[in-house]
Amino acid sequence: MSLFFTTLLGAFFLVAWLSMAGNGPDKDALSVMAATSGGMAFIRRIAGSRIVLDEKGVSVVNPVFTHDVPYRYVAKVESDDGGTLTVTTTQAVEIGALGFAGSLIDHFVGSTDRAVAQINARRAERRDLRGKSPVVRRYTRAWVADICSVAMLVCVVLTVTMGG
């Protein structure tokens with residue numbers, strides 16, 4: 001789905017860029033390019049939300065921040081009736097997973113409950129692993145979204161400087 005919308009908005013971006021080929025810079029075309037770039041950045045960030053399980057811990061990847069939690073620091077993992085998954089650390093910090101923030105698809109498939117079961121199973125078998133520090137919070141890397149954000153800013157600056 002992310003690929004579909006990125007391709008669609010990318011096509012609009014390309015058409016707006018090509019429309020300036022013969023006539024030079026155009027404020028309307030730059031506005032379209034800024035809007036489509038911003039839309040692509042937003043969609044890529046949201047669609048990139050997920051939960052990653054590795055040997056030492058669980059990573060909750062949200063649009064802006066990624067939380068790396070070693071299994072030994074996971075106090076509980078639960079989902080509510082709406083399909084929202086929440087990881088609670090031993091320091092009583094609740095980390096909501098946007099990738100499992102309840103959806104119509106989850107209502108039929110039950111992916112949140114399966115994710116909770118997988119995390120709890122890994123947590124139980126790997127409870128005593130050492131070597132990883134407590135919860136680490138870092139910025140989420142999304143290269144396509146970041147490039148689109150920079151392109152949006154460039155288009156906005158060009159549109160504003162053109163005045164008119």
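Which one is modelled with the lowest pLDDT among residues in region 119-164 that are under 24 Å from T66 (Cα atoms), out of contact with any helix residue (DSSP H, G or I) (no Cβ under 7 Å at 6 or more places or on another chain) and small (G, A, S)?
Among residues in region 119-164 that are under 24 Å from T66 (Cα atoms), out of contact with any helix residue (DSSP H, G or I) (no Cβ under 7 Å at 6 or more places or on another chain) and small (G, A, S), the one modelled with the lowest pLDDT is G131.
At pLDDT 90 or above, assigned to a helix (DSSP H, G or I), closer than 26 Å to V160 by Cβ and among the aromatic types (F, W, Y): is that true of F12 in this structure?
It is true that F12 is at pLDDT 90 or above, assigned to a helix (DSSP H, G or I), closer than 26 Å to V160 by Cβ and among the aromatic types (F, W, Y).
So which residues in region 15-58 are part of a strand (DSSP E or B), surrounded by fewer than 17 Cβ atoms within 10 Å (Cβ to Cβ) and more than 12 Å from the chain's Cα centre (by Cα), if there are any at all? Spell out how you get there, then give the answer.
Within region 15-58, the first condition is being part of a strand (DSSP E or B), and the residues that meet it are 50-53, 57-58.
The next check asks that each one be surrounded by fewer than 17 Cβ atoms within 10 Å (Cβ to Cβ); those that pass are 50, 52-53.
Within region 15-58, V52, L53 meet the criteria.
Over 21 Å from the mean Cα position of the chain (by Cα), at pLDDT 85 or above, open to solvent by 60 Å² or more (accessible area, probe 1.4 Å) and within 30 Å of A34 (Cα to Cα) - does that describe any residue in region 59-68?
Checking region 59-68: not a single residue is over 21 Å from the mean Cα position of the chain (by Cα), at pLDDT 85 or above, open to solvent by 60 Å² or more (accessible area, probe 1.4 Å) and within 30 Å of A34 (Cα to Cα).
Could you tell me which residue of region 94-115 is modelled with the highest pLDDT, considering only residues that are over 13 Å from D81 (Cα atoms), of a type in the set (A, V, I, L, M, F, W, C) and assigned to a helix (DSSP H, G or I)?
A115
The values are calculated or read from the model by the stated rules, or taken from the named source; none is laboratory data. From a predicted model like this one, the values you see are computed outputs, not experimental measurements. As a convention, Cβ positions derive from the backbone with ideal geometry for all residues, glycine included, and neighbour counts pool all protein chains shown. These accessible areas exclude ligands, DNA and RNA; they are computed on the full protein's heavy atoms, side chains included. Shrake-Rupley method; radii C 1.70, N 1.55, O 1.52, S 1.80 Å.
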